[in-house]
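A short write-up of the structure that comes next.
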Amino acid sequence: MERLIYFLGMMLITVACHKGTGEFVIKGVVTDETFQTSLEGAVVTLYKVPIGTSDEQFVKSLILDANGSYQFNVTREKMERYIIKVEKPNYFSIEKDLYYSQLSISQDNLCNLGTKAMSWAKIHFKNINPLPSDHFRYIKQEGLAACLSCCPSSTQNFYGPLDTTFYCINNGNTNYSLYYWEMNTSNNGLKSVLTNAFDTTLIEVIY
């Protein structure tokens with residue numbers, strides 16, 4: 001009986017010592033969705049956020065190889081979440097939240113990601129013989145929308161003299177287009193261009 005009690009006691013101690021140990025394996029592939037390849041050379045960084053805070057604490061960082069694959073082996077801690085960030089010049093950054101409740105220590109946590117190359121539309125509007133009563137209007141038809149650095153998708157109006165240039169970010173190798181009106185005249189139309197990845201393409205209306 002004493003041996004049995006001793007054995008059970010040792011088992012409880014062993015279980016208690018191992019409770020809460022282990023690690024998370026977070027892995028995946030990052031894809032260049034513009035050219036349908038891996039995002040070689042991108043920097044992938046893992047952060048952890050303690051419960052009840054917004055404090056992003058650095059964990060590990062690596063550079064993607066030709067396969068675009070990454071893997072983080074992280075000691076299990078009770079965190080609110082982990083954050084994966086992917087950055088490469090001239091590509092849109094990626095930020096992915098992985099909540100503690102979603103992670104497993106019994107199997108790998110697969111998280112595949114993808115992003116697109118950047119491009120820009122250079123918009124130039126110019127009124128050659130302006131009058132105070134002139135009214136120019138345009139609205140975006142195609143192009144990246146709903147991002148912090150995106151140009152607006154709503155109707156835009158200009159009055160009087162006009163000679164302005166601005167840049168609108170877009171996904172690489174996709175169309176950017178706008179429809180314009182010189183109000184109270186018959187001058188209106190559609191302007192459309194293919195914005196090549198990493199490059200700037202001109203859209204111009206001179207009236």
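Side notes on the structure shown:
- In terms of distances greater than 26 angstrom between alpha carbons, the cross-link table entries LYS27/LYS48; LYS85/LYS191; LYS88/LYS122; LYS85/LYS122 yield LYS85/LYS191; LYS85/LYS122.
- When Cα extents along the principal axes in Å is calculated for this entry, the matching label among (i) 48, 41, 37; (ii) 104, 37, 22; (iii) 53, 35, 33 is (ii).
- Each of VAL43, VAL49, VAL30 was scored by other Cβ atoms within 10 Å of its Cβ. Arranged with the fewest first, they read VAL43, VAL49, VAL30.
- The aspartates and glutamates within cross-link reach of LYS96, meaning a Cα-to-Cα straight distance under 14 Å and a gap of 8 or more places when in the same chain, are GLU56, GLU80, GLU87.
- Rel. contact order, % - alpha carbon contacts under 8 angstrom, at least six apart, the chain: 19
- Pairwise centroid distance, computed over Cα atoms, of the stretch 90-131 with the stretch 164-184, Å: 20
- Cα centre as origin, Lys/Arg/Asp/Glu Cβ charges: the chain dipole, Debye: 320
- The angle separating the long axis of helix 2-18 from the principal Cα axis of greatest extent in the chain is about 20 degrees.
Only the coordinates and a few stated rules stand behind these numbers; no lab work does. As the structure is a computational prediction, the values presented were derived from the model and not from experiment. No Cβ is skipped: glycine too gets one built from the backbone with ideal geometry, and neighbour counts run over all protein chains shown.
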